[in-house]
Amino acid sequence: MSAQRPSAENESAAEATTPPPPSTPQPLHRSGRVVVRPGAKGVLPPNSTATDDELLLRRPQRPAFDALAEIGPAVTVFGSARFTHGEPEYQQARTIGRLLAEAGYAVITGGGPGAMEAANRGCQEGGGLSIGCNIELPHEQYINRYVDMGIEFRYFFARKTMFVKYADAFIILPGGLGTLDELFEALTLIQTGKIRHFPVVLVGTHYWGGLVDWMRTTQVPAGTIAAADLELFHLTDDPAEAVAIIRAFGDGDGGDGDGPTEEVEIR
């Protein structure tokens, strides 16, 4: 009696349950943050192995980094572009800018109107260096007239790097989605150890209180953040207290107040 030949169906089932043979690891070509499969370079367009950030950070193309390299201690101030001169948030930002300048800090903002303009204005009034990192947008944004040094950016990621790299602290006034983006990016970088732990001060207990309560009563019990993460920032209504928190950090062991925030220098 001859052996019965396995059916095609049985062969397919056997193949499905048989693990594939281990593959030999192939060397990968790295260019910046790009990983290229062996043999693929021939079909890639020219310069596709260099990312925008890699090109931006090359020495001949990074005047913005060089421009701020020697500014000394600085604080980045965030807040809504929609506040007008007569609103209390505008005056609060203006006071913060002045107090920071009087304490020896340069003030970095997004360079636009609203809270950014107010902080730049206060910084000038306090005799400090007022810096604006402006973003090219199809509407709205322009460099306000209280900026001493203005830098134009096409890409948000490059602009955001400047806010963090040369700051000794963040002050966050009430703001919209962009302000929230900057707040949580800073907290994430601190939480993950990508930058040193520097002060993040939220100004406006009524505005920020609901968000902080939600983090405490929803995120912490869900295990998505730790209770200790709520200690990564401060909350106050007093501009003087906000500046005092930053000064105490610079005078203590927490920071030296004279270097870039990033742990790894961009070279």
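The values are calculated or read from the model by the stated rules, or taken from the named source; none is laboratory data. No experiment lies behind these values; they were computed from the predicted model shown. As a convention, Cβ positions derive from the backbone with ideal geometry for all residues, glycine included, and neighbour counts pool all protein chains shown.
Points to keep in mind about this one:
- Taken together, the residues in region 190-238 that are more than 22 Å from R94 (Cα to Cα) and among the β-branched types (V, I, T) amount to 9.
- Within region 132-157, tally of residues that are within 13 Å of T109 (Cβ to Cβ), touching a residue at least 60 places away in the same chain (Cβ under 8 Å) and assigned to a loop (DSSP other than H, G, I, E, B): 1
- Exactly one residue out of A228, A240 is touching a residue at least 60 places away in the same chain (Cβ under 8 Å), in a helix (DSSP H, G or I) and exposed (fewer than 15 other Cβ atoms within 10 Å of the Cβ), and it is A240.
- Selection from region 61-71 of residues that are modelled with pLDDT of 70 or more, in a loop (DSSP other than H, G, I, E, B) and either among the hydroxyl-bearing types (S, T, Y) or surrounded by 14 or more Cβ atoms within 10 Å (Cβ to Cβ) (or both): I71
- The lone exception for K160 - which of (1) more than 24 Å from F249 (Cα to Cα); (2) outside any loop (DSSP other than H, G, I, E, B) it fails: (1)
- Meets criteria (surrounded by 15 or more Cβ atoms within 10 Å (Cβ to Cβ), hydroxyl-bearing (S, T, Y), free of Cβ contacts under 8 Å to residues at least 40 places away in the same chain and over 22 Å from K165 (Cα atoms)) for T217: no
- Breaking point among (1) closer than 18 Å to V77 by Cα; (2) out of contact with any helix residue (DSSP H, G or I) (no Cβ under 6 Å at 6 or more places or on another chain), for T192: (1)
- Members of region 84-103 found to be within 13 Å of E117 (Cβ to Cβ), in contact (Cβ under 8 Å) with a residue 60 or more places away in the chain and surrounded by fewer than 24 Cβ atoms within 10 Å (Cβ to Cβ), listed by number: E89
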